[in-house]
Amino acid sequence: MKFFEDLRIGERRELGSHTFTAEGIKAFARRYDPQLFHIDEEAAARSHFGGLCASGWQTGAVCMRLIALGNQRDMAALQASGQDVPNIGPSPGVRDLRWFKPVYAGDTISYALEIKDLRDAGPPGYGLVVSQTTGTNQAGELVYSAQGAVFVERKRNRKAQ
Amino acid sequence: MAKLFWEDFAVGQVNEYGRQPVSAEDIKAFAAEFDPQPMHLDEEAARATMVGGLCASGWHTCAIMMRIVADGFVLNSSSMGAPGVEEIRWLAPVRPGDVLRVRVTVVDKKASQSRPLLGFVGLFFEVLNDVGTCVMTSRTNMMFARRTSAHAGASA
């Protein structure tokens, strides 16, 4: 992530991919979402999903992980070239989170982020970045999307310090 | 307790579930795996951020909410999951030592036009800490099998 002034609507980034293993699905679900179709292969096979599938919250959390890792890479690159690094604030929320299709054990989901809006909102020195995040499985089917938002520091805030 | 089907939800019902403590270790462990940012990983680094101290990832709060409502009623229901969430709002930071509970209000209910064996229940979730601050809200439509589907299954 760059400073707010350096971001552009329409910018798109491929965030990378994640393979959801049966073990990973069950470990997350046992902790946070122990519905049978997320923790038990046989029960899942009998359910309307037809097989073990990830908690939707895991699909979203993995997207968050890839966003944060992308931001870490950006910051390392800025630091390496001797530039200031923006503070990235918290997110006020998410809208229109959609789980279009189940994420089954063995699926590899590729995530992407596109900046949809840059708003004058938030505390002084920050702006609000609104993004569409998506997850697509190995067959090219859209399985996940959400409209996220995050406060990002402005360059002028840094100059004012 | 009798298993809950779509028919058992009534618009206007309000229930509260859970008493889940959140520790600094929980916050950091979730963040290390899913949201590696300074405000969720390290007390010292978090003090320099906008939130001014260590706080849970919003996705962690979602996951905790899911667990509380799973234990509260979802596991004892005919839940078929949810196609999505209309809105999640992170209103206040979740801090180490907070004890979270979830207030669930049934706001809407409709039968599925295309699938007669299930229906949708519109739910509004408020995640509250132990001093009563609402730290998160979300609005979703969950799918539940109808009781008639269980009868159909039993007689088949």
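The values are calculated or read from the model by the stated rules, or taken from the named source; none is laboratory data. Note that the structure is predicted; figures quoted are calculated from it, not measured. For neighbour counting, all protein chains shown are included, and Cβ atoms are generated from backbone atoms with ideal geometry for every residue, glycine included.
B:PRO96 meets the conditions (1) buried (at least 22 other Cβ atoms within 10 Å of the Cβ); (2) within 18 Å of B:THR133 (Cβ to Cβ) in every case but one. The failed one is (1). Only one entry of A:ARG8, A:ARG13 meets the criterion of being surrounded by 15 or more Cβ atoms within 10 Å (Cβ to Cβ), at pLDDT 95 or above, closer than 24 Å to A:GLN72 by Cα and basic (Lys, Arg), and that entry is A:ARG13. Scanning region B:45-99 for residues that are free of Cβ contacts under 8 Å to residues at least 24 places away in the same chain, closer than 30 Å to A:ARG158 by Cα, within 11 Å of chain A (Cβ to nearest Cβ) and not small (Gly, Ala, Ser) yields a count of 2.
Does A:ALA112 satisfy being surrounded by 15 or more Cβ atoms within 10 Å (Cβ to Cβ) and in contact with a Cys (Cβ under 9 Å, 6 or more places away or on another chain)? Reasoning before the result, please.
Numbers: surrounded by 15 or more Cβ atoms within 10 Å (Cβ to Cβ): yes; in contact with a Cys (Cβ under 9 Å, 6 or more places away or on another chain): no.
So A:ALA112 does not fit the description; no.
Determine whether A:SER110 is hydroxyl-bearing (Ser, Thr, Tyr), within 10 Å of chain B (Cβ to nearest Cβ) and under 12 Å from the mean Cα position of the chain (by Cα). No: the conditions fail for A:SER110.
Looking at region A:87-158, the strands (runs of 3 or more DSSP E) lying wholly inside it that each contain 2 or more residues that are touching a residue at least 60 places away in the same chain (Cβ under 8 Å) sit at A:108-119, A:126-136, A:142-153. Just one of the numbered conditions (1) within 25 Å of A:ALA139 (Cα to Cα); (2) more than 15 Å from the chain's Cα centre (by Cα) is not true of A:ASN87: (1).
For the criterion of being out of contact with any strand residue (DSSP E or B) (no Cβ under 9 Å at 6 or more places or on another chain), surrounded by 18 or more Cβ atoms within 10 Å (Cβ to Cβ) and over 19 Å from A:ILE88 (Cα atoms), B:ALA63 passes.
Residues are listed down the side, and each one gets a yes or a no for (1) within 13 Å of chain B (Cβ to nearest Cβ); (2) within 30 Å of A:ASP84 (Cβ to Cβ):
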position: A:TRP99; (1), (2): yes, no
position: A:VAL103; (1), (2): yes, no
position: A:GLY106; (1), (2): no, no
position: A:ASP117; (1), (2): no, yes
position: A:GLY127; (1), (2): yes, yes
position: A:TYR144; (1), (2): yes, no
position: A:VAL152; (1), (2): yes, yes
position: A:ARG158; (1), (2): no, yes
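Whether a residue is over 24 Å from A:PHE4 (Cβ atoms) and either touching a Gly at 6+ places or on another chain (Cβ under 7 Å) or basic (Lys, Arg) (or both) was assessed, and A:TYR126 does not pass this test. Region A:2-79 holds helices (runs of 4 or more DSSP H) entirely within its bounds, and those carrying 2 or more residues that are farther than 25 Å from B:ASP26 by Cα, within 13 Å of another protein chain (Cβ to nearest Cβ) and touching a helix residue (DSSP H, G or I) at 6+ places or on another chain (Cβ under 6 Å) map to A:41-46.
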